[in-house]
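Engineer: This is the structure, below, for whatever I ask next.
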Amino acid sequence: MSKDTQQRIREQVTTHPVVLYMKGNPQFPQCGFSANAVRILNTLGVKELFTVDVLQDADIRQGIKEYANWPTIPQLYIKGEFVGGSDIMTEMYQNGELKQLL
């Protein structure tokens, strides 16, 4: 993977408070896990959500998996830190951890 891709990802996750790498966009998620992630963030009232549609950019799609060493999409970043995917988000939402992070 190119350094340019890693640099783009680093910029995205550090310049936006909440970043979600997903399939599709918040209005039209392209998979159930991405839809679940968006639903959780909406329920928690996240206003400044920056999303990246990995289906539109093959470099980012592969690069984000290597960036976090996490094989699946969606991926949530809060304040530059990798939080997790859909399952982890659901668990953290249910036990209140995600609300505290946000």
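Computed from the coordinates by the stated procedures, all read-outs in this text should not be read as laboratory data. Small disclaimer: the values here were computed from a predicted structure and weren't measured. Counting neighbours? That spans all protein chains shown, and the Cβs are built from the backbone with ideal geometry, glycine included.
Engineer: Counting each DSSP H run of 4 or more residues in the chain as -39500 (n - 2.57), what helix-only mean residue ellipticity at 222 nm follows after dividing by all residues, to the nearest 500 deg cm²/dmol?
Structural biologist: Numbers: 5 runs with 50 residues, N = 102.
Counting only the DSSP helices, I get -14500 deg cm²/dmol.
Engineer: Of the listed values (1) 13.4; (2) 20.5; (3) 14.1, identify the label whose number matches Kirkwood radius over Cα pairs in Å calculated from this model.
Structural biologist: Among (1) 13.4; (2) 20.5; (3) 14.1, the one calculated here is (1).
Engineer: So which residue, out of 83, 46, 13, gets the largest mean-square fluctuation from a GNM of the chain using Cα contacts under 10 Å as springs?
Structural biologist: Largest GNM mean-square fluctuation: 46.
Engineer: How many percent of DSSP beta bridges within the chain run antiparallel, rounded to 5? Don't skip to the end; give the middle numbers.
Structural biologist: On the way: 8 of 13 bridges.
Of the beta bridges lying entirely in the chain, close to 60 percent run antiparallel.
Engineer: Count the net charge of all other residues whose Cβ sits under 14 Å from the Cβ of residue 40, scoring Lys and Arg as +1 and Asp and Glu as -1.
Structural biologist: Combined, the nearby Lys, Arg, Asp and Glu give -1.
Engineer: What does the charge dipole of the stretch 3-101 about its Cα centre add up to, to the nearest 20 debye, if the Cβ of each Lys and Arg holds +1 and the Cβ of each Asp and Glu holds -1?
Structural biologist: Around 120 debye, computed over the stretch 3-101.
Engineer: Have a look at 80, 32, 24 and tell me which one the Gaussian network model of the chain (Cα, springs below 10 Å) gives the largest fluctuation.
Structural biologist: Highest fluctuation among the options: 32.
Engineer: Additional query: Taking amide hydrogens as modeled 1.01 Å from N in the peptide plane, which residues meet the under 5 Å criterion relative to residue 52, leaving out close sequence neighbours?
Structural biologist: When sequence neighbours closer than 5 places are left aside, the close amide H contacts are 20, 21, 22.
Engineer: While we're looking at this one, here's another question. Convert each backbone phi in the stretch 74-83 into a coupling constant with the Karplus relation 6.51 cos²θ - 1.76 cosθ + 1.60 (shift: θ = phi - 60°), then list the ³J(HN,Hα) values in order as whole Hz, x for Gly and Pro.
Structural biologist: x, 9, 10, 10, 10, 6, x, 9, 5, 9
Engineer: Which trypsin sites (Lys or Arg not before Pro) in the stretch 5-63 sit in a loop by DSSP (not H, G, I, E or B) and have at most 15 other Cβ atoms within 10 Å of their own Cβ? Provide the component values of the computation, followed by the final result.
Structural biologist: Numbers: sites: 8, 10, 23, 39, 47, 61; in loops: 23, 47.
Taking the stretch 5-63 and a limit of 15 other Cβ atoms within 10 Å, the loop trypsin sites (Lys or Arg not before Pro) found are 47.
Engineer: With 10 angstrom as the radius, rank 101, 20, 41 by how many other C-beta atoms surround their C-beta, starting from the fewest. Let's see the in-between values first.
Structural biologist: Numbers: 101 14, 20 26, 41 21.
With the fewest neighbours first, 101, 20, 41 line up as 101, 41, 20.
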